[in-house]
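A.B. asks: Take a look at this one; I'll ask things after.
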Amino acid sequence: MQIDSFRVFRDLVESQSFSKAAQMNNITQSAVSQQIRSVEERFRIPLIERSSKRFALTREGDLLYQASKEIISQFDSLQHQFNEMRNIVSGTIRIATVYSIGLHELPPYLKRFLKEFPNVNVHVEYRRSNQVYEDIQSGTCDLGLVAFPVQKKNLKTEAFKKDRLIAICAPGHALASKTEIEVSDLADHKFIGFEPDIPTRRAVDKMFREHDMDTKPVMEFDNIETVKRAVEIDAGVSIVPRATVEQELKSNSLHAIEFKNKPYFRPLGIIYKSGRVLSPALKRFLKNLKEPIT
């Protein structure tokens, strides 16, 4: 058996998907199946319960999975140590991020990192928040960036930064003459919000409850770009992270309004799988995210 067979089997078990395991190892789905059959033939054991409707391992398969994790961890650790000794930073980093962070927060960090480490290939996937967690847990991606991060089993969470939440409206809107308002001042205006499963939507709903408001959005979207476009055409007002509208504020296509007395923030977090050996490239990228952009 080659080390790649252990890696493919580990990735298959953790993702529970032949297609994802193929994607993670840059091979075809049929190649994954062939490697699994080859291992079974070599040891003369079944690894997967093929009679089960859901993905399940045999006792032998579970034993091989535990051994595969240890073998890959030791191999990766050794390889990373060799690379660090030779000061080699290369390879691929796979990042899963929600749209707002990927489009507005990540770019300056990415630009700085790639300027310093041009031999690293960074692949960015734009996903919904729940999908980011799934991608990290399954091993499809190495690093996740989410808003309002939550602790989950087998994942490590670290703080990234905080965005201030503000109200926005079109320049011709009735609130466009205001520089600051109370949250309750939005009650009499059409509100454009995010879909209910978006973490920022839940934070906004909490703000409204604190002010005894029962605001129902007239429109709901799953990403910040569509929300901004709806506000620009004066379909309503919204609450968004300030960092996501800097370009629109410069071009005067949107007007920003701060909240009086109490500021509201959207915390951003970095997530990655605990227990995995981090490559030199991933270690450097994490360090890069924790250093302020000047």
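A.B. asks: Under unit Cβ charges (Lys, Arg +1; Asp, Glu -1), what dipole magnitude, rounded to 20 debye, does region 162-265 have relative to its Cα centre?
C.D. replies: 260
A.B. asks: Now, a different point. List, in the order given, every pair from 152/228; 161/260; 20/290; 69/161; 228/273; 111/273 whose Cα-Cα distance in the structure shown is over 28 Å.
C.D. replies: As for pairs spanning more than 28 Å Cα to Cα, those are 152/228; 20/290; 69/161; 228/273.
A.B. asks: Still on this structure: For the chain, set up a GNM with springs between Cα atoms under 10 Å and report which of 267, 241, 108 has the largest fluctuation.
C.D. replies: 108
A.B. asks: May I ask you to compute the full-extension gain from residue 38 to residue 258, defined as 0.36 nm times their residue separation minus their alpha-carbon distance, rounded to one decimal in nm?
C.D. replies: My answer for the length gained is 73.0 nm.
A.B. asks: What do you get for the angle between helix 59-85 and the principal long axis of the chain? Use alpha-carbon atoms, 0 to 90 degrees, nearest ten.
C.D. replies: 70
A.B. asks: DSSP loop (so not H, G, I, E, B), at most 15 other Cβ within 10 Å: list which trypsin sites (Lys or Arg not before Pro) in region 1-101 pass both filters.
C.D. replies: Passing both the DSSP loop test and the Cβ count: 44, 50, 53, 54, 86.
A.B. asks: Let me test this: with uniform point scatterers at the alpha carbons of region 106-203, what is the Debye-based log₁₀ I(q)/I(0) at q = 0.24 1/Å?
C.D. replies: Once normalised to I(0) and log-transformed, intensities are -1.35.
A.B. asks: Tell me which residues come under 5 Å, amide H to amide H, from residue 120 once H is placed; ignore anything under 5 positions away on its chain.
C.D. replies: Answer set, sorted by chain and number: none.
A.B. asks: What distance in nm lies between label points placed 7 Å from Cα along the C-beta direction at residue 75 and residue 250?
C.D. replies: 4.7
A.B. asks: Using unit Cβ charges (K, R positive; D, E negative) and no other charged atoms, how large, in debye to the nearest 20, is the dipole of region 3-85 about its Cα centre?
C.D. replies: Dipole magnitude for region 3-85 comes out near 380 debye.
A.B. asks: Comparing 218, 277, 231, which has the greatest mean-square fluctuation in the GNM of the chain with Cα pairs linked when under 10 Å apart?
C.D. replies: 218
A.B. asks: When only Cα pairs under 8 Å and 6 or more residues apart are kept, what is the percent relative contact order across the chain?
C.D. replies: 23
A.B. asks: Let me ask another. If you place +1 on the Cβ of every Lys and Arg, -1 on the Cβ of every Asp and Glu, and leave all else neutral, what size is the dipole of region 177-217 about its Cα centre, to the nearest 20 Debye?
C.D. replies: That gives region 177-217 a dipole magnitude of about 160 debye.
A.B. asks: May I ask for log10 I(q)/I(0) of the chain at q = 0.07, 0.09, 0.14 Å⁻¹, from a Debye sum over the Cα atoms as equal point scatterers with solvent left out?
C.D. replies: -0.36, -0.56, -1.02
A.B. asks: Would you look at the GNM of the chain, springs on alpha carbons closer than 10 Å, and say which of 168, 136, 72 moves the most?
C.D. replies: Residue with maximal mean-square fluctuation among 168, 136, 72: 72.
A.B. asks: While we're on this one: I'd like to know which of 176, 160, 208 lies farthest towards the positive end of the charge dipole of the chain, counting +1 on Cβ of Lys and Arg and -1 on Cβ of Asp and Glu.
C.D. replies: 160
Throughout, read-outs are computed from the coordinates displayed, never taken from laboratory work. Since the model is a prediction, treat every value here as computed from it, not as a measurement. No Cβ is skipped: glycine too gets one built from the backbone with ideal geometry, and neighbour counts run over all protein chains shown.
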